[in-house]
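Student: Quick one: structure below, then a few questions.
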Number of protein chains: 2
Amino acid sequence: MKEKLSELPGKTIERLSQYRRILYNSIREGKTNIYSHELARMMNLTPVQVRRDLMLIGYSGSQSKGYVIKDLVALIGKIIDSSDGQKVIIVGMGNLGRAITSYFSGKRDKLSIVAAFDNDPQKTDRIIAGIPCHHIKDVQSVIEEEQSPIAILTVSPEAAHEVAKHLLDCGIKGLLNYTSVPLTVPDDIYLEEYDIITSLEKLAYLVKSK
Amino acid sequence: MKEKLSELPGKTIERLSQYRRILYNSIREGKTNIYSHELARMMNLTPVQVRRDLMLIGYSGSQSKGYVIKDLVALIGKIIDSSDGQKVIIVGMGNLGRAITSYFSGKRDKLSIVAAFDNDPQKTDRIIAGIPCHHIKDVQSVIEEEQSPIAILTVSPEAAHEVAKHLLDCGIKGLLNYTSVPLTVPDDIYLEEYDIITSLEKLAYLVKSK
DNA sequence: TTTGCGTTGATATAAATTTCACAATACTCA
DNA sequence: TGAGTATTGTGAAATTTATATCAACGCAAA
C-alpha cells in the first residue's frame, strides 16, 4: 500500500465501515470467502465499485475464491481504526443519547463510548446503558482524564450552541452533531452533521416525484 | 422554472432541506434578507455553491439585499414538500423511535408522523410522544387507512428484515432505515440507509489521520 | 492439454458535483 | 455624476465519484 491513507475518498471510507459491518454478519453465518458481487448486492452497489474500493486500500483477492473475509476485515480495521483505540464521549442523555449509547455499546473494540453527560441531576452520577453518566460541569476533567478527542452531541436544540462551544474549549477535535441546530466550527475541528429531518424530506421528495 | 424538478441533483435536495432549517432560525432572529455568504458560512459551504443551488431551483435574489428569506422558504417548500402533505409512519418505539418522533413532531406542516408501531403490548394502544402507537399486526390496515407511503424503521436488528419485508408488502414506497442491518429492496422502492456507527467511524478516521 | 466459465484488477470513460472566474448589476458616498 | 464596493448569476474548468470495458488469471470439465 503505497498511497497515503488520507488520499482515500470520503465515500470509500464510509463504505469501508459498512463493508465491515456486513462482513461481520457473514462470518457469523460461517462464510470464509466472499465475491465482489455478493458484497455489492448486500450493499446495493455495483461489483465494480466494491472491487475498486478494495483496490484503493490495496487488498487483493483471488480470482477463484473472491476475498478472504477475515483478512479483509483485518485490513479495514487497520485503516479505519486507530491502533490504540479512540475514546468517545456522548453529551445529552435523552432518548437519542440513550439510543445511540445502547446501540453502540460493545460493537467496536477500537472505538468506545467512555462517558456520558447530562445536566439533569436525575440522570447523573449513575450508570446508564453501561456508561457512567456525569454532570455536564465535569466534562472538562473527564475529557482530560480519558483523553477522548471525539464527542457526540445529542442535547436539546436550545443548548446545542453553548455546549458545543464548551466542548471545543475542552479540546474536543471531532464533533458528531445530532441536534437540529447547524453548528459552525474552526477549520481544524472535524464536524459531521446529521439531521434526521433532512433524510426524511429527501425521501418524501423522491417518493412524491416518482 | 423551466427545468423538471427531477433534474435537481440529489445533493442539492438535501441542502435545500437544510437551507430551510437555517432560514427558519434566521426568521426567528428577525432577519428578512440573507446573503449567499451568510448562508454558506452557516452551512459550512462556499457562497458559490449556495448561489448555484438557488439558481437551480430558479430563485433570484437582489445584488444589494441578497435573498428574501420568506420567499426563499416558500419556494423551497414548493419544491420539496408535497402539495397535499405526506404521511409517515414509524415502526419501532424504542429509544430511537421515541427520539425521532418527539424531535419531529410539529416541525413540518407538510410532513407528519401519523402513526407509530411496536410489538410490545406495553407500548401499544396508547399515545406516545403525541402519536398513537399501534401493535405491529395492525400496520396494514393503518397504512391503507392513512394512505401513508413512507416508513421510518427503528426496530431491533433481529426484526429488521422481517418487518421491512412486511412493510413493503403493505405498500410502503419509501423506507428510511435506522437499524444497523443493511436492507435490499426492489428498484421501485426508495431506500435511505443511515448507520450511526458509520459516521462515527468516519469521524474517528479523520481525527486520527490529522 | 485445451476449452469455457467466472472472477479479479486496472485502465479508460462517463457522470455528477463543486469550484473558478468574471460579467452584470445595484448600492454608497464623495 | 462617477468611482468604488459588494453582490448575484452563470459558463467553463476542475475535481470527485461511479461505471464500462477488458486482459489476465484460476479452476473445472471434457
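Student: Which three extents, in whole angstrom, do the alpha-carbon atoms of the stretch B:5-79 cover along their principal axes, largest first?
Tutor: Answer, in whole Å and largest first: 33, 23, 22 Å.
Student: For the stretch A:106-185, build the charge dipole from Cβ charges (+1 Lys, Arg; -1 Asp, Glu) around the Cα centre, then report which of A:G130, A:G171, A:A116 sits farthest towards its positive end.
Tutor: Farthest towards the positive pole: A:G130.
Student: Where is the GNM fluctuation largest for chain A (alpha-carbon springs, 10 angstrom cutoff): A:I90, A:I197, A:I127?
Tutor: A:I197
Student: With the full set of protein chains in place, find how many percent of the accessible area of the stretch B:86-197 is carbon and sulfur; take the probe as 1.4 Å.
Tutor: Using a 1.4 Å probe with all protein chains present, the stretch B:86-197 comes out at 48 percent carbon and sulfur.
Student: Also, quick follow-up: Long-range amide H contacts for A:I128: which residues qualify at under 5 Å (H placed 1.01 Å from N, peptide plane, sequence gap of 5 or more or a different chain)?
Tutor: Sorted by chain and number, the residues that satisfy this are A:C133.
Student: Something else now. Taking θ = phi - 60°, what integer Hz values does the Karplus form 6.51 cos²θ - 1.76 cosθ + 1.60 yield along the stretch B:83-89, in sequence order, with x for Gly and Pro?
Tutor: Each residue of the stretch B:83-89 in turn: 5, 9, x, 10, 9, 10, 10 Hz.
Student: What's the Kirkwood radius of the stretch A:1-155 in Å, using all Cα pairs?
Tutor: 17.5
Student: To one decimal in nm, how far is A:K137 from the same spot in the other copies, if labels go 7 Å from Cα toward Cβ? Please give the shortest first.
Tutor: Result for A:K137, in nm, nearest copy first: 5.2.
Student: At the nearest 100 Å², what buried accessible area, both sides summed, do you get for B and A when the probe is 1.4 Å?
Tutor: 6400
Student: Using a/c under 1.5 as the rounded threshold, could you call the stretch A:29-70 rounded, prolate or oblate? The axes a ≥ b ≥ c are square roots of the C-alpha gyration tensor eigenvalues, and prolate needs a/b larger than b/c, oblate otherwise.
Tutor: oblate
Student: Once Rh is set to the Kirkwood radius over Cα pairs, what Stokes-Einstein translational diffusion coefficient, in µm²/s, holds for the protein assembly as shown at a temperature of 4 °C and a viscosity of 1.567 mPa s?
Tutor: Taking Rh from Cα pairs, D becomes 56 µm²/s.
Student: Say each of A:S141 and A:S156 gets a label point 7 Å from the Cα, pointing the same way as Cα to Cβ; how far apart are those two points in nm?
Tutor: 2.6
Student: Just to be sure I understand: chains B and A are related by a rotation, so which residue of B has its Cβ closest to that axis, and how close in Å?
Tutor: B:N95, 2
Student: While we're on this one: Roughly to the nearest percent, how much of the accessible area of the stretch B:5-79 is carbon and sulfur, given a 1.4 Å probe?
Tutor: 54
Student: Restricting to the stretch B:100-210, compute how many DSSP beta bridges are antiparallel as a %, nearest 5.
Tutor: Around 20 percent of the beta bridges assigned by DSSP in the stretch B:100-210 are antiparallel ones.
Student: Please give the residues from the stretch B:86-110 for which the solvent-accessible area of heavy atoms, probe 1.4 Å, is smaller by at least 50 Å² with all protein chains in place than with the chain isolated.
Tutor: B:N95, B:Y103
Student: Among the listed pairs A:K31/B:K173; A:K70/A:K110; A:K123/B:K202; A:K65/B:K165, which have their C-alpha atoms separated by more than 24 angstrom in this model?
Tutor: A:K31/B:K173; A:K123/B:K202; A:K65/B:K165
Student: Using a probe radius of 1.4 Å on heavy atoms only, what accessible surface per residue do you get for the stretch A:5-79? Whole Å² is fine.
Tutor: 53
Student: Hey, what do the phi angles of the stretch A:8-16 turn into as Karplus ³J(HN,Hα) couplings, whole Hz, using 6.51/-1.76/1.60 and θ = phi - 60°, x for Gly and Pro?
Tutor: Whole-Hz 3J(HN,Hα) from phi for the stretch A:8-16: 5, x, x, 5, 5, 4, 4, 5, 4.
Student: Plugging the Kirkwood radius over Cα pairs into Stokes-Einstein for the stretch A:86-210, at a temperature of 10 °C and a viscosity of 1.306 mPa s, what D comes out in µm²/s?
Tutor: The Stokes-Einstein estimate is 105 µm²/s.
Student: Could you work out which residue, out of A:T179, A:T101, A:T198, moves most in a Gaussian network model of chain A, that is, has the largest mean-square fluctuation with Cα springs under 10 Å?
Tutor: The residue that fluctuates most here is A:T198.
Student: Hey, another quick one. Once the other residues with Cβ under 12 Å from the Cβ of A:Y35 are scored (Lys, Arg +1; Asp, Glu -1), what is the net sum?
Tutor: Value of the local net charge: +3.
Student: Now, a different point. Under unit Cβ charges (Lys, Arg +1; Asp, Glu -1), what dipole magnitude, rounded to 20 debye, does chain A have relative to its Cα centre?
Tutor: 1320
Student: Here's something else I'd like to know. Quick one: dipole size for the stretch B:7-65, taken about the Cα centre, charges +1 on Lys/Arg Cβ and -1 on Asp/Glu Cβ, in debye to the nearest 20.
Tutor: The dipole of the stretch B:7-65 has a size of about 120 debye.
Student: Just name one of B:N25, B:G10, B:G94: the one whose Cα is farthest towards the positive end of the charge dipole of the stretch B:1-159 (beta-carbon charges, Lys/Arg +1, Asp/Glu -1).
Tutor: In the stretch B:1-159, that residue is B:N25.
Student: Also, I was wondering about something else. Give me the percent of DSSP beta bridges within chain A that run antiparallel, rounded to the nearest 5.
Tutor: Around 20 percent of the beta bridges assigned by DSSP in chain A are antiparallel ones.
Student: Can you list the distances in nanometres, one decimal and ascending, from the B:K31 label point to the identical position in each other copy, with the point 7 Å along Cα to Cβ?
Tutor: So the label point of B:K31 gives 4.8 nm to the other copies.
Student: Something else about it: Treating only the Cβ of Lys, Arg, Asp and Glu as charged (+1, +1, -1, -1), what charge dipole size does the protein assembly as shown show about its Cα centre? Round to the nearest 20 debye.
Tutor: The dipole magnitude comes to about 920 debye.
Student: 7 Å along Cα→Cβ for the label point: how many nanometres lie between A:H166 and each equivalent label in the other copies, listed shortest first?
Tutor: For A:H166, the inter-copy label distances come out at 4.2 nm.
The values are calculated or read from the model by the stated rules, or taken from the named source; none is laboratory data. Because the structure is predicted, anything quoted here is derived from the model rather than measured. Note: ideal-geometry Cβ built from the backbone for every residue, glycine included; neighbour counts use all protein chains shown. With ligands, DNA and RNA removed, areas are computed over all heavy atoms of the protein, side chains included. Shrake-Rupley method; radii C 1.70, N 1.55, O 1.52, S 1.80 Å.
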